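The values are calculated or read from the model by the stated rules, or taken from the named source; none is laboratory data. As the structure is a prediction and not an experimental result, all values here were calculated from the model. So basically every Cβ, Gly included, is an ideal-geometry build from the backbone, and we count neighbours across all protein chains shown.
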Amino acid sequence: MAFDLEGLYRTTYDAVVRFLYRKVWDADRAEDLAQEVFMRALAHEPDKPRSWVFAVAANIARDEARSAIRRRKHLVLLTHEPIASPAAHEDVEEGMDHAEQEAEVKRALATLTPRDREVLLLWDAGMSYPEIAEQTRLAVGAVGTTLARARKRLVAAHDIMEEQRGAQRATARS
């Protein structure tokens, strides 16, 4: 069977970008990294392309995180540098709400174990249980249990954050 990069790209690109975005939290960077994933696929012509693409995406995201940490250690930030405005949103309040929601998702995902987070993000990217099992080295039967646990923990973390935010707002009003 011939390797169909075009078909793989067409059917998985959006899911790979979404998966990478939830790893690097930068839409442009996620798209750049997704392109790198597919360039590598072209060079390797994997036997199980969909699983391979997500495995490579996870590895690239880990490499990106390590690079970001190294860059932060070596950069000196200017204190008077202007803060970028939410250009993607016409309404400033909408932009602030979006940024707040994104920060909440990041914090909630950060409360999960690395395995729970990985399973949840792979599932959200559209991978099947067998593909997730192969990627994470879990038994196929354990994927559903892990996914259910990850969802429950994510919702609980989000609920706690909502309660805290509500308490902060009530305190600020009084």
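Quick rundown of the values:
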read-out: Residue match in the stretch 122-141 (condition: among the aromatic types (Phe, Trp, Tyr) and in contact (Cβ under 8 Å) with a residue 24 or more places away in the chain); value: yes
read-out: Those residues of the stretch 36-48 which are out of contact with any helix residue (DSSP H, G or I) (no Cβ under 9 Å at 6 or more places or on another chain) and either under 22 Å from Arg107 (Cβ atoms) or part of a helix (DSSP H, G or I) (or both), in sequence order; value: Met39, Ala43
read-out: Qualifying residues in the stretch 136-153 (those that are basic (Lys, Arg) and assigned to a helix (DSSP H, G or I)) - the one surrounded by the most Cβ atoms within 10 Å (Cβ to Cβ); value: Arg153
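This table checks each residue for (1) at pLDDT 85 or above; (2) in a helix (DSSP H, G or I); (3) out of contact with any helix residue (DSSP H, G or I) (no Cβ under 9 Å at 6 or more places or on another chain).
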| position | (1), (2), (3) |
| --- | --- |
| Glu94 | no, yes, yes |
| His98 | no, yes, yes |
| Val119 | yes, yes, no |
| Ile132 | yes, yes, no |
| His158 | no, yes, no |
| Arg169 | no, yes, yes |
